[in-house]
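Peer 1: Can you read through this structure? Questions will come right after.
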C-alpha cells in the first residue's frame, strides 16, 4: 500500500480548471455529484442537500465520531456533517482549488471539528469511525479497488459503516441482457469523456463493488440506485451553463464551453437510456 501514489495530475486537470467556471452551473454549495429530488420539484440546491442527508443518514453517525470524507470536493458533505451531525470530519481531496475552498469555508464558519487535507486515501492511515465517499470512486481505477476496500476496512472499527456513492457502468453483455443498444456514437462519447473530461477515470460495475468490498470484509446492507436523479441533475447543470455561455467562454474558451456542454448533455442522455447508473452502497463491517 505504501507504494501507491494518488492520481493528483489526472484529478487536478479536471477539478482545478477554475472554481469560477464551476460556479456558473453548480448550486451555491458547489456540490458536483448527483442530487436527490425527493420530492421531485425540489430546487437543485435543496436536492443536493437532500442527497447529502440521504448519504449521511445511512451511517448512523453519533456525536463525537470521526468521519472520513474521501474525495470531499468543495466540501458540502463534510461541512454539513460537521455543522449538523455533531461529528469530527476529515476531508480528503487531490484538488488544490477544492482544498483551498474548503479551508476558507472552515475558517468562515468557525468550525473546529473539520479538517481538509490535500491527500489521497492511499496516503491516509488514521483510524476513523465512519467513511463517506461521494463521486470519487470513479477516479480510483479498477486495479486499486481491492486496495481501497482493504484500506477502508482496516481503518474502520468493528460495526463500522461506509457509504460509497458512485456512477456505475455496465458490460456489453449486461446491456444486451437489458436490451440497451450500444451505438458507435455511444462508443465515441465514452472515449471523449475518458480523454477530454476525466483522464484516467473508470466506471465500476455494481457486482464488482459488492464482490471486492465483500472480499475485504464488508457486507452490503443496501444498494440504492439514483439513475433518474442524475439525469435531472445534469439537465439543470447544462441549462445553467448554457444560460452563462458568454461568461463561460470569457473565463475559459469556446472549446471548453462546447466540451462541457457535450459532456453534460451526453451523460444526461445516457442516464436516461440506461447506459449509466449511479448507486449508493451502504457497506458494513
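Peer 1: When a footprinting reagent is the concern and you count Cβ atoms within 10 Å, what order do 278, 249 take, fewest first?
Peer 2: Sorted ascending by nearby Cβ count, the order is 249, 278.
Peer 1: OK, next. Defining a contact as two alpha carbons under 8 Å apart and six or more residues distant in sequence, what relative contact order in percent does segment 30-136 show?
Peer 2: RCO, segment 30-136: 30 percent.
Peer 1: Now for a different question. Can you give the relative contact order of the chain as a percent, counting alpha carbon pairs under 8 Å and 6+ residues apart?
Peer 2: Result for the chain is 22 percent.
Peer 1: For a test of the definition: using alpha carbon positions, the gyration tensor, and the 1.5 limit on a/c, classify segment 23-72 as rounded, prolate or oblate.
Peer 2: oblate
Peer 1: If you don't mind, another one. As a check on your grasp of the helix formula, calculate [θ] at 222 nm for the chain: sum -39500 (n - 2.57) over DSSP H runs of n ≥ 4, divide by the residue count, round to the nearest 500.
Peer 2: Calculated from helices alone, the mean residue ellipticity at 222 nm is -13500 deg cm²/dmol.
Peer 1: Cα convex hull of segment 210-252: mean projected area in nm², to one decimal?
Peer 2: 5.2 nm²
Peer 1: What number in nm² do you get for segment 1-130 if you take the convex hull of its Cα atoms and divide its surface by four?
Peer 2: 8.4 nm²
Peer 1: Among (1) 127; (2) 137; (3) 161, which is the computed volume of the Cα convex hull per residue in Å³?
Peer 2: Identified label for the calculated read-out: (1).
Values in this text are rule-based calculations from the coordinates and carry no lab data. All values derive from a computational prediction rather than experimental measurement. Counting neighbours? That spans all protein chains shown, and the Cβs are built from the backbone with ideal geometry, glycine included.
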